[in-house]
Amino acid sequence: MQKTHNSNIQDEQTRTIKQFLFVPILLVVLFTIIPFLLMVYYSFTDWDGFSTSYNFIGLENYKMLFTKDNIEPILVTSYYLFSSFFQLLFGIYLAVYVFFQKRFKAITISILLLPVLLNTVAIGLMFRMFFMPGGTFDITLDALHIIPYISDETSIKWLGNADIVNWTLAFISFWRYTSYTFILVYGALLSIDPNLLKAAHQVGANKYYIARYILIPNIKVSMSIVITTLVIGALSTVELPMIMTSGALSTKTVVMRIQEVAFSMRNFGLASSLSLFVIFLIAIIIGVRFMIGGDDAK
Amino acid sequence: MRNKIINFLYHAITIVWLALICIPIVPVIIGSFKSSSEYYSSAPLSLASEPTLSNYIEVITSNDFLISILNTIILIVLSIIITTILSSMVAYAVERFEFKYKQLVISLFVIISFLPMAVMQISVFQVMNFTHLNNTFWGLAILYSISDVVIIYLFRDNIRKISPNIDKSAKLTGANYFQIYWKLIFPNLRPTIMIVCIYKLINIYNDFYLQSLYLTKHKTISTLLYQYTSPYEMLWPQICASIVVLIIISVTILIIVQLFYQKQLRSES
Amino acid sequence: MKKLSGLLLLSLIIFAGCGTDTTTEDISGEITVVTSYTDAEDKFADVEAGFIEKYPEVTDIKWESTAGDYDEYITTRMTSGDYGDVLLVPFSLTRSLDQLPEFMESLGNEEELSKDWTFTDQAAYEGQTYAMPISLNSLGMMYNTEVFENAGASVPTSSEELYDACAAIEDNGQTCMYSNLNNLPMLWSGGVTSYGGEGYVDDMLAAGTAFEEGQPYRQILDLIYTMITSGYTEADPMTGDIMTSMQQLASGEVGFIIMGSQSLADAQAMAGSEETIKMAPFPVSFDGEQHMPLGPDELIGVSNKSDNIATSKAFVEYLVSSESGFAYSNGGFAPEVDGNKDAPENLAYQIEDYDTYRTIATADSETVAEFNQIGNDANMPSISTPITELIEVATNDGDYDQFIADLETRWEDAVAKNA
């Protein structure tokens, strides 16, 4: 009797799992796995992106991958990786701050979300005004007596100087996307069992203690996926350099390069193999991180 | 003393950051009150000499303004529903049960998160066409939903905090797993659902590429803004005004959502 | 009355010219037009009203566009077969003409069409024309006459004259050229024919080089490099804004910009006078003469997957003819052989003062394909790529000779690869 009951439960579990996972997996297969496999397939062809005929050219596309034009844009993304690191730290700080905040919480969150509520066109407009010679940034620095503003010609060209422009873009990226990290970390914090916090308050633990020993350890899994998202986001940066510099002054990122190869040079095969290479890189970075950080996905 | 300094810094950093967020937006607000000719001939930070509301009037009275807001709301609501149900179901199954291909399923959801959508669009478009989901709100909402794997993890974290004993005792009273999920787990996911709402709101609000590709027959807020831009012409004063209007709308929604949520929390405790 | 009969005559020509056997009864229902204009509904409002008035059976015209990159958007849609009834032909398709029949409906025999229409060969393959220019626009220096007069400079006809004029303008405390290089480097690709003539593609292929002294690409790069390094451009070519450039041109803070005639009316309106803002060819002569480059703004055609081809064709014919008035409102001419007599006065300079010159090389499609392939392999699909790369060299004290040598190596390697 006991046995049949157990196997009944077993059956019901299996059925439930199937029911719960069927639709999500079907959608994932349809909209990401199939397109992904199509891309693998195209990477062995010389398809131009729209014609109905193309040839198989074996590994030709992969042989053409490692040129300066393809590798440099990958290296450019390291600026954004650097920026992501600070987005993570600062995002956690902001989330903890808001978590403890008692007054003005709704207002603070709303302001913090402003950068991500602004459309790309707006970002392009705002930061061109902000960083142009004699723009808001130059005037602010002048007012604070950090760098005097004399004339447009002599001012530092934040978006026009090849040594600086990638840092400027990394800063804009920080300005804009820290809010994403914030909202995700804050979301994870909200799901922490309130009883844990009550207990900590009762023993008189301070904010630092609570953050360090209760908040952070409790959101580890979410954090690992946030980091993954940040790495992917950094490597596939495209919008920001596109609207700010159109890729001039060595600011072209790898996804911009992929789009250029696919849509202006009409070499969809090469573009596909380049994307696969980027996916491969992401897999390595994340794989290494999982190995170091233990199996978070468990 | 040292504590005081740390405490001061703790608040100061946030306040400085909030200010830094607002500074670049100031010229946009100033610009929205300028006439077209003044806009291009004056410095971004100088106030309008003859403030005008004409930009706002033009934006608000444009044909598609209300319908765009409506379309965007439909899209966001659909996407929130789909994301919440699908992600929490996956999270529940993965978190509470052991099964044969569990690791494979988890890896699948991790892997898809790092496929760059930007480059796969040609093949995704073919699938959308094949499934006749092109130009439907459902189709686009589904696309938005499956691209956010991170939400599954937020739900997993949340479900982990709910004691498994609840499941067990419910099971003993004869409830089936779906009832447990729907009656016991789901109501406890409220904190995460609120984050999903905000996250989806900002994502969909921001994206224009997918919307212009898969909703060609419907205008949305983010495609609306582009009616003032073309390769050779940017109507910046109108753009400034629409940015300000959209900020006001979204911040209002955000504040309402949060106040509502806090009120609920209070009434529970 | 005279005007009316002119219109009547013109529409007869259109029908005869395009050789369609459709009658007005077939032209009905609804069509979708896909363009790169996000403001299409307003921009084409008159065209839509005029078309529906002419063909009352037509119920509606739907406009679709993207906020993103049009080429990327439309080619993605083209792979699926759903790309509207009428569409602007993507740049990439005009670079591979042999693909036209796969996607586009023929508008007629090219030879026939060319009796009444110009630029019928822009999107033609095997004797059939697949798309027509929505308007023909000139391209060149849009300049402020007062700024040049005040500096005592005449409109330059060579690079040297340009540098002299710029020095004088800068002495007056104005900016000579607002380069707009961050937004519009592609405008210079329309200027290549001014520097190298209509046969530049053949010439470059014959030479096997692209950046030797005197070749069109090199002349353009030399000009931009000298302008930037001499301080004749805006302070930071990376933070330029098109509308600001036009406003500063109109108000006399800037001497000239490189721009198409699409924007002429706007700039004149900003300046408040048609006399202040004028257009001139690029500052260069080819074969001893200056020409005003003229070419298609965009090409428009009919999808062969459309289920309302008759109406779509009629719409294209109506749009591109001077009858619709679109070309004029777009600052250009309709592609008609004998049309444009009624062109607005501020545009007439294009045919009165200069020989017009085509902005696109006249080479056969195979040669163009070879040229494009070399460009792709050299990683410069058009001259905008080297110009974008040049900004870094010119604004950051780079080694210009080395830069040119590298470009030449890239080009020659690609030539060798395609030999």
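The values are calculated or read from the model by the stated rules, or taken from the named source; none is laboratory data. Note that the coordinates shown come from a computational prediction; the quantities given were computed from them, not determined experimentally. Neighbour counts run over all protein chains shown; Cβ positions are idealised from the backbone, glycine included.
Side notes on the structure shown:
One line per residue, one yes/no per condition, for (1) farther than 25 Å from residue B:188 by Cβ; (2) part of a helix (DSSP H, G or I); (3) at pLDDT below 85:
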| residue | (1), (2), (3) |
| --- | --- |
| A:129 | yes, yes, yes |
| A:142 | yes, yes, no |
| A:145 | yes, no, no |
| A:187 | no, yes, yes |
| A:197 | no, yes, yes |
| A:211 | no, yes, yes |
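- The C-beta contact set for the stretch A:149-164 (first residue under 16 Å from residue B:43 (Cα atoms), second residue hydrophobic (A, V, I, L, M, F, W, C) and assigned to a loop (DSSP other than H, G, I, E, B), distance under 7 angstrom, 6+ apart or interchain) comprises A:152/C:235.
- A count restricted to the stretch C:199-251 and to residues that are charged (D, E, K, R) and under 24 Å from residue C:410 (Cα atoms) stands at 6.
- Selection count, the stretch C:198-220, where residues are farther than 21 Å from residue C:254 by Cα and assigned to a helix (DSSP H, G or I): 12
- Of note, residue B:52 does not satisfy the criterion of being within 14 Å of chain C (Cβ to nearest Cβ) and polar (S, T, N, Q).
- Selection of first residues in the stretch B:1-23 that are at the interface with chain A (Cβ under 8 Å from one of its Cβ atoms) and more than 14 Å from residue A:108 (Cα to Cα) and of second residues that are among the hydrophobic types (A, V, I, L, M, F, W, C) and in a helix (DSSP H, G or I), restricted to Cβ pairs under 8 Å at least 6 apart or on distinct chains, gives the following pairs, ordered by first then second residue: B:23/A:130.
- Pair list, Cβ under 7 Å, 6 or more apart: the stretch C:79-103 residue free of Cβ contacts under 8 Å to residues at least 12 places away in the same chain and within 14 Å of chain B (Cβ to nearest Cβ), other residue buried (at least 19 other Cβ atoms within 10 Å of the Cβ) and of a type in the set (A, V, I, L, M): C:79/B:122
- Residues that are farther than 22 Å from residue B:123 by Cα, at pLDDT 85 or above and either of a type in the set (S, T, N, Q) or out of contact with any helix residue (DSSP H, G or I) (no Cβ under 8 Å at 6 or more places or on another chain) (or both), drawn from the stretch C:61-116: C:62, C:101, C:106, C:109, C:110, C:111, C:114
- Subset tally (residues that are surrounded by 21 or more Cβ atoms within 10 Å (Cβ to Cβ), more than 15 Å from the chain's Cα centre (by Cα) and within 10 Å of chain A (Cβ to nearest Cβ)) for the stretch B:224-252: 9
- If the condition is being assigned to a helix (DSSP H, G or I), among the aliphatic types (A, V, I, L, M) and within 17 Å of residue C:133 (Cα to Cα), then the stretch C:65-121 contributes C:93, C:97, C:100, C:113.
- Within the option set C:131, C:124, C:165, C:153, being out of contact with any strand residue (DSSP E or B) (no Cβ under 6 Å at 6 or more places or on another chain) and surrounded by 24 or more Cβ atoms within 10 Å (Cβ to Cβ) holds for one residue only, C:165.
- From the list B:36, B:32, the lone residue that is modelled with pLDDT of 90 or more and touching a helix residue (DSSP H, G or I) at 6+ places or on another chain (Cβ under 6 Å) is B:32.
- Of A:54, A:79, A:97, A:62, all but one fail to be within 12 Å of another protein chain (Cβ to nearest Cβ) and not in a loop (DSSP other than H, G, I, E, B); the exception is A:97.
- Looking only at the stretch A:194-220, and only at residues there that are surrounded by fewer than 18 Cβ atoms within 10 Å (Cβ to Cβ) and touching a residue at least 24 places away in the same chain (Cβ under 8 Å), the one that is farthest from the other protein chains (Cβ to nearest Cβ): A:216
- Boolean, residue A:72 is of a type in the set (D, E, K, R) and within 28 Å of the chain's Cα centre (by Cα): yes
- Residues that are touching a strand residue (DSSP E or B) at 6+ places or on another chain (Cβ under 6 Å), under 19 Å from residue C:340 (Cα atoms) and not in a loop (DSSP other than H, G, I, E, B) within the stretch C:296-327 comprise C:296, C:299, C:316, C:320, C:327, listed in sequence order.
- Among the residues of the stretch C:42-60, those that are modelled with pLDDT of 85 or more, out of contact with any Leu (no Cβ under 9 Å at 6 or more places or on another chain) and assigned to a helix (DSSP H, G or I) comprise C:43, C:45, C:46, C:48, C:49, C:50, C:52, C:53, C:54.
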